[in-house]
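Worksheet: one structure, shown below.
The values are calculated or read from the model by the stated rules, or taken from the named source; none is laboratory data. Everything quoted here is computed from the prediction, not taken from an experiment. Positions of Cβ are generated from backbone atoms using ideal geometry, with glycine treated the same way; all protein chains shown enter the neighbour counts.
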Amino acid sequence: MKKLQCLLFLLMTGLAVMASAQQGPFNAANAAGDRFFPALGRVLTDDQRQSLRQIVQAQRDQMRPLEQQLRAARQNMLSQITGGQFDENLVRQYAEQSAKAEAELTVMFAKDLSQMQPPLSAAQVKQLKNFQPARSQDFPDAPGPAPESHMKLPPPLPRDTNDLPMVQ
């Protein structure tokens, strides 16, 4: 069960990366911050956002090959999974390639964030640490809580032994 959950997570992540890759050219401001810290866009000031954008843009040439490696590994893994003959070793190899590229991108962004001017304030750090995305942000297609009913429904009809409503 854990393997299946992990596989589905990787598949969903891969699809999200492929979808974001198809949206157009690399957007350093959004791709970097939202990818690693979903609340970063809400927390940064305009000066910090501009500083981070410049730092990330300067490393764009180093990030692009890693993004391509990440996409290729996930596409290969998806092709292997859906190809009909499952090869666990091959999927593991693609997952490791994907994880290495993701780790490199994460380290690069963390370094960029640490060089941002002005640095994050204590209040901003607290906001980032305490951020908890809503369920709908984690899974946009997942149904949220049921809306409150504004109508009063009549009481249920009595049921017979076959669990069918009895009409009088």
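Of all residue pairs spaced 6 or more apart or on separate chains, those with beta-carbon atoms under 6 Å, a first member in region 51-62 that is at pLDDT 90 or above and a second member that is not in a helix (DSSP H, G or I) and not acidic (D, E) are S51/M116; S51/Q117; L52/M116.
Residues that are surrounded by 10 or more Cβ atoms within 10 Å (Cβ to Cβ) and either modelled with pLDDT of 70 or more or not in a loop (DSSP other than H, G, I, E, B) (or both) within region 139-165 comprise L157, R159, listed in sequence order. Scanning region 63-99 for residues that are charged (D, E, K, R) and either farther than 30 Å from P119 by Cβ or without any contact (Cβ under 8 Å) to a residue 12 or more places away in the chain (or both) gives R71, R74, D87, E88, R92, E96.
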